[in-house]
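Beneath this line is the structure, given in structure tokens, with notes to follow.
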Amino acid sequence: MIAVINVKGGVGKTTVVANLGGLLAASGYRVLLVDLDPQGNLGEELGYTGAPTDDGGAALATSLTTGTPLAAVADVRPGLDVIPGGPELDAAAAHLVIAAQEDPLAAKRSLTALLLDVAPDYDVVLLDCPPGQEPLQQAALAAARWALIPVKTDASSRKGLRDVARRLDTVIDLNPDLDLLGVLLFGVNRGAHRVVEAARAGVAEDLGDSAPVLRATIRHVEAAAQEARDRGLLVHELEEAVMAAPAWWQIRRGASAGDAPRSRSVTGLAEDFQRLGAEIIERIGAAEGADAVGGATVDATSDEDGDGVGGTFTDGSPRPDVLAGA
């Protein structure tokens, strides 16, 4: 289980959860996404906002407060199940605050047992943590094996790292297996190499030299990201739609553009998420062995250019096509 967390908003947590989960599912992994954010923005990324399955977090809130089993919405994408979030989670967070006054450990464990019941059905469980609501953040970290921290390169965004470190400290006695999977630089200007290196140095200063900063970064392509969100498509799905749309010269010769997507810059963004997915699988596999994710680890030595794209698993099988950028 991976908790995607930063106490600062606007650093890409939900976008990372949706697109990483979608890519892994498209690559054959069984994936569960849990939206712990009262804003419920995961629904916008996946296109189910306002659908009958979008309960505003009511089912999840009930499970957190009463212990009833979690109920996932199946196959939001093939192989991708979702437990929706939304405003009903505000009441659940308030309940956990009150419960913590009587039994702090039980409040922090409120999500753990629920997820342990469903986790065996999945290869990967991603928890989309809210920027606020400390009780929900603590519950996620108490349940997770890994923490993934998206952060932007500006100093203001990096301030959240120290707060996340404090959140980790509050649950480490309860969940000693929790480890930092990595810090992900999000919204990166591809030409700002000095800024990126300064951000990497800042992460080391904030969290210590041993804190892993992922090789993969997610570039800033606002037009493509917004169009994907508006259409309820994931980035790799928008890329597929763009590639299938008529080229400019075909339109000039009379082909109809229709409602074809326009953001051709999405290709680079899709490649970034492919690299992120491959690196996440590689890191977990290296740490936990061949049965960690989908039964195989990634052989990093077979990725000749070290960019996280291509290569094979250690059992000799090729990486899934979507993660390999095919």
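The values are calculated or read from the model by the stated rules, or taken from the named source; none is laboratory data. Remember, it's a predicted structure, so these values are computed and weren't measured experimentally. Cβ coordinates were reconstructed from backbone atoms using ideal geometry, including for glycine residues, and neighbour counts include every protein chain displayed. Ligands, DNA and RNA are stripped out before the accessible areas are found, and what is left, the full protein with its side chains, is counted by its heavy atoms. Shrake-Rupley method; radii C 1.70, N 1.55, O 1.52, S 1.80 Å.
Sort region 97-243 into rounded, prolate or oblate with this rule: let a ≥ b ≥ c be the square roots of the eigenvalues of the Cα gyration tensor; rounded if a/c is under 1.5, and if a/c is not under 1.5, prolate when a/b is larger than b/c, oblate otherwise. Before the final figure, lay out each step's value.
Numbers: a/c = 2.20, a/b = 1.38, b/c = 1.60.
Taking the square roots of the gyration eigenvalues as a ≥ b ≥ c, region 97-243 is oblate.
How would you rank 29-37, 176-184, 119-127, highest first, on the average number of other Cβ atoms within 10 Å across their residues?
On the way: 29-37: 24.7, 176-184: 17.6, 119-127: 19.2.
By packing density, highest mean first, the sequence is 29-37, 119-127, 176-184.
Derived value for region 1-156: Kirkwood hydrodynamic radius 15.3 Å. Basis is the mean of 1/r over every pair of different alpha-carbon atoms. Ordered from largest to smallest accessible area (heavy atoms of protein chains, 1.4 Å probe), the residues Met1, Met243 come out as Met243, Met1. Here region 1-60 is treated as a sphere whose radius is the Kirkwood value from Cα pairs; by Stokes-Einstein at 10 °C and 1.306 mPa s it diffuses with a coefficient of 128 µm²/s. Rounded to the nearest 20 debye, the dipole magnitude of region 1-100 is 320 debye, with +1 charges on Lys and Arg beta carbons, -1 on Asp and Glu beta carbons, and the Cα centre as origin.
Taken along its principal axes, the alpha carbon cloud of region 35-97 reaches lengths of 35, 22, 16 Å, longest axis first. Taking all protein chains together, Glu134, Glu102 sort by accessible area into Glu102, Glu134, largest first [probe 1.4 Å].
When the surface is traced with a 1.4 Å probe over the full set of protein chains, His220 keeps roughly 110 Å² accessible.
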